[in-house]
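Each remark here refers to the structure printed beneath this line.
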Amino acid sequence: MLPLFIRSIKFLVGGAFIFVLGLALFGTISGWVQDPPKETAEEAMHHHPKELRLPSDGPLGKFDNQQLQRGFLVFEKVCASCHSLSLVSFRDLQQIGYSEAEVKKIAKDWPIKQPVQDPKAGTWGERDNLASDRFPKVYYPGTGTPPDLSLITKARHGGPAYVYSLLTGYSEKPSAEALAHFPEFAKTPDGMHFNPYFANLNIAMPPPLTADDQVTFSDGTRATVDQMAQDVSAFLVWTAEPTMQRRHAAGVAVVLFLLIATGLAYGAYLTVWRGVKH
Amino acid sequence: MSFPWARHYEPKNPLTQWIDSRLPLPRFVYNAVGAGYPVPRNLNYFWNFGVLAGVALVVQIVTGIVLAMHFHSSAAGAFDSINGTIMRDVNAGWFLRFAHANGASMFLLVVYIHIFRGLYYGSYKAPREMVWLIGVVIFLLLMATAFMGYVLPWGQMSFWGAQVITGFFSAIPVVGEWIRIWLLGGYAPDDAALNRFFSLHYLLPFVIAGAVILHIWALHIPGSSNPTGVEVKGEQDTVPFHPYYTAKDGFGVGVFLILFSTLIFFFPDLLGHPDNYIPANPLSTPAHIVPEWYFWPFYAILRAFTANFILEAKLWGVVAMFGSIILLFFLPWLDKSPVRSANYRPMYRVAFWVLVLDVLVLGYCGGSAATPGIVVLSQICAAYYFAHFLIIVPIISRLERPKPLPNSITEAVLAGKSGSRMTETAVSA
Amino acid sequence: MATPGDDLPPDATVGPGGEVLENPRRRDYLTIAAVSFAGVGAGVTVLPLINSMNPSADVLALSTTELDVSAIEPGQAIKASFRKQPLFVRNLTQKEQDEANAVPVSSLRDPQTLKDRTKEGHANWLITLGVCTHLGCVPLGAGEGENRGPFGGYFCPCHGSAYDTAGRIRQGPAPKNLEVPNYEFTSPTVVVVG
């Protein structure tokens, strides 16, 4: 009796798992049939990001410093009052073509200062930013928590296209058909704004880019809303990974080297095995 | 160990003779992965993956040691030290970080192919059970190390991954909650958990390296298996590991590095999740928690158990998820067929490819949001997974009539039927 | 072990199954090339690993320090931090300057005049690293009431090196004068070090 039990224990264990899974399967299917999942408002109204083409796209993408500087201007004049950029340092701006003196000036004039504690009195004061400082954190008192933008194009599906779509998506309203299903979206709650590119559809951020020429680009580019949105998205690709262009360049060299080395290794393999059937 | 015709290490100059008589380490290496190890001559490219796994382990240890020099193991500083300092300011830090993060994926990819190679060619069968058992231990250690490493950046997925995985233990009746709190050193993941994960993440790779040495040692007792599954009969069946397989592995390492470099330099975030670029926030769970891709099949098994039956559904899920790996320990005794290679086992070969498909579908389910359709699919596939190992394979190994085996490896090679191409036989199956 | 192939021509070799192989020289070139590439690749891969241990960009960015010295009275000194090392800024009295200038330079272990160690027009400002040139301890003498040693400058308690009012080594094991970093007065009261 016992040896038979030991020999069939595998079937008992396997049968137990399969039985419980069968029960679960029955439960899932009957739940599915009795209470089929309804379309959610997000499924009905959420849009995937619009297409956005940037010079940094693709495995060989490069940064366009002119565009990044325009994007930085948009960030400085529009975004920076609410959003932090706390992983980026002022000195990093030299990588997008600002001179050391310009960076020092940008840092010194930055409206949000660095907090410093007086070592004797223990009180907190502030000092001007230095080039070596990170961008100071912004403390936002209003509704919602504006996310830090340092990594935003890596932290959202769609990356820069998401940022661009969100910034230019405030004008799109829910379709009449969708509103018939979800009448609560006819009126956006106070302090919220409808935006079909935002995961929850209603976003606390008011439209940040409202009119053409909200900023003035020094390179003569016309600051349309669309242009500003593109440029700040490009800038945020750079903040997310300032070393990206170096990575691409290094990758080309490394992969070419490896292709040659692997070709040689294949040749060596063939010659070592020459005449040996295998 | 090894075969009588194995070449012997003969140090030529006085220095190597002096070393050999005092610490025969070069002799040890010569016999392990040098000309002193006779290997079947008919190994196919699937036999490259053991060496590739070793290469991946070395890559992870080397990049990891350097990264640890810059990492701040604290809930307040971890995210910033990786995404701020290492990625931006440390010289070549971005390269090290991307190499280490994608190296984990490459390691698991290589190990999965290595495991399925073993399943197809019956490498787990006598006299190689011990090689297989140590291999399963390595796999478990590897998964633990990969999980703890994923926690270290302290992004949203890191944090909630730590929360969910330690939550498994709370499924244990009576003491579960106490174990969870003990593992975390608190009520939720925080500094204590992060620091112990970092400590263990640094320790375990060296434990893995030790287990790898045992794995290779155990392999060298019977010698390597081969695509026919027929044991080596004589000298004509083997070639010395060096230069024959060192040359072949050199080529394999080149291909591995090309794929690896393409990931590092051109698609470093392809296998990651955007949410892990958001700093951990204990007050807000991401909409859709998924582990890294290499855990997806197991995650799907965990989520497939949604019904209470004697035990709670949660406990069934945890037991089944761990059970799905633990049962691999018993595989050498579940599969009683004396024939090793699936090339000569028509029924097992079908079951094997269904299992591959099953695990791929489970992986797809584990990576998707748990809609009813996905849950149904994972329940069916999880059931097949257990059925394969616990019911189908034991029954097949009794019923099946294997095809005639070649008399020797050399005979198979000279007849052009070395069975060295797993994919072709798959198509014919 | 049998050695098949004893009676073969010297440039042929034998495969493991006993097959006679052709001239192996061709294989050598490819193998040597492949191994060389692997060696170069491994060597180049080590570079970023080593380079990552050099000071990172955020550390290098802190390599200048700006100091306001207006609050330091003659005879007083302050300790500041420069590249995470202590920096001594001392406002020398006329008496201390005279003492330093009275020492015959040729008698010194590390011959330097006070003028060599200060900036023109700012002869009263002695700015040195607070790192003993013996083994790196911080000498006493910059803080209020600390032992300035037998020569009125700085005194290192670790192994008894004594420095004079120009920060020059006068007694004890240290081989060199306290190091004077690069600095510049950007205004009469502001110094940029580094």
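Please treat every number below as a calculation from the coordinates, not as lab data. Worth saying up front: this structure is predicted, and the values here are computed from it rather than measured. All Cβ positions, even for glycine, are placed from backbone atoms using ideal geometry, and neighbour counts span all protein chains on display.
Report the label-to-label distance for A:T123 and B:A188 in nanometres (one decimal), using points 7 Å from each Cα along the Cα→Cβ vector. Label at A:T123, label at B:A188, 3.5 nm between them. For B:A369, neighbours were defined as the other residues whose beta-carbon sits under 14 Å from its Cβ, and their charges (Lys and Arg +1, Asp and Glu -1) total -2. Amide H contacts for B:A280 (H built 1.01 Å from N in the peptide plane; partners 5 or more residues away or on another chain; cut-off under 5 Å): B:G155, B:Q156. Positive contributions from Lys and Arg (+1) and negative ones from Asp and Glu (-1), summed over other residues with Cβ under 11 Å from the Cβ of C:T186, come out at -3. 3J(HN,Hα) along region B:173-189: x, 6, 8, x, 5, 4, 5, 4, 5, 5, 4, 7, x, x, 8, 9, x Hz, from the Karplus curve 6.51 cos²θ - 1.76 cosθ + 1.60 with θ = phi - 60°, whole Hz, x for Gly and Pro.
Loop-located chymotrypsin sites (Phe, Trp or Tyr not before Pro) in region A:137-227 (DSSP state other than H, G, I, E, B) with a sparse environment of at most 16 neighbouring Cβ atoms within 10 Å: A:Y139. Listed by Cβ neighbour count within 10 Å, with the fewest neighbours leading, B:V39, A:V237 appear as B:V39, A:V237. Each part gets one Cα centre, and for region A:15-30 versus region B:175-252 those centres are 35 Å apart. Cysteines of the protein assembly as shown lacking any other cysteine Cβ under 4.7 Å from their own Cβ: A:C79, A:C82, B:C365, B:C381.
The phi-based Karplus calculation (6.51 cos²θ - 1.76 cosθ + 1.60; θ = phi - 60°) puts the 3J(HN,Hα) values of region A:15-23 at x, 4, 4, 5, 4, 5, 5, x, 4 Hz, whole numbers, x for Gly and Pro.
For C:G75, the shell of other residues with beta-carbons less than 14 Å away shows a net charge of -3, using +1 for Lys and Arg and -1 for Asp and Glu. Between region A:249-278 and region B:282-352, the C-alpha centres lie 38 angstrom from each other.
Debye sum, Cα scatterers, chain B, no solvent: what log₁₀ I/I(0) at q = 0.10 1/Å? Each listed q maps to, in turn, -0.80. Per-residue 3J(HN,Hα) values for region C:48-62, derived from phi via the Karplus relation 6.51 cos²θ - 1.76 cosθ + 1.60 with θ = phi - 60°, read x, 5, 6, 4, 5, 8, 5, x, 7, 4, 6, 6, 5, 5, 8 Hz in sequence order (x marks Gly and Pro).
Close amide H pairs (under 5 Å, H built 1.01 Å from N) link C:F82 with C:L87, residues at least 5 positions away or on another chain. In terms of distances greater than 19 angstrom between alpha carbons, the cross-link table entries A:K77/A:K113; A:K62/A:K105; A:K10/B:K336; B:K125/B:K336; A:K108/A:K137 yield A:K62/A:K105.
With the simple model of a label 7 Å out from the Cα in the direction of the Cβ, A:E51 to B:N281 spans 3.3 nm. A Förster radius of 25 Å combined with the Cβ-Cβ distance from A:E39 to B:Y364 puts the calculated FRET efficiency at roughly 0.65. Each of A:T40, B:T228, C:T118, A:T188 was scored by other Cβ atoms within 10 Å of its Cβ. Listed from fewest to most, they are A:T40, A:T188, C:T118, B:T228.
The trypsin sites (Lys or Arg not before Pro) of region C:49-88 that DSSP puts in a loop, and whose beta carbon has at most 15 other beta carbons within 10 Å, are C:K84. Report summary: the helix-based calculation at 222 nm, which adds -39500 (n - 2.57) for every DSSP H run with n ≥ 4 and divides by the residues of the protein assembly as shown, gives -15000 deg cm²/dmol.
GNM on chain A, alpha-carbon springs under 10 angstrom: the most fluctuating residue among A:A211, A:A261, A:A199 is A:A261. In this structure, the amide hydrogen of C:G153, modeled 1.01 Å from its nitrogen in the peptide plane, lies closer than 5 angstrom to those of C:Y163, C:T165, counting only residues at least 5 positions away or on a different chain.
Its relative contact order, with pairs defined as Cα atoms under 8 Å and 6+ residues apart, puts chain B at 22 percent. Counted by neighbouring Cβ atoms within 10 Å, the residues C:C156, C:C137 run from fewest to most as C:C137, C:C156.
Any idea what angle helix B:372-387 forms with the longest principal axis of chain B, computed on alpha-carbon atoms, 0 to 90 degrees, nearest 10? The angle comes out at about 40 degrees.
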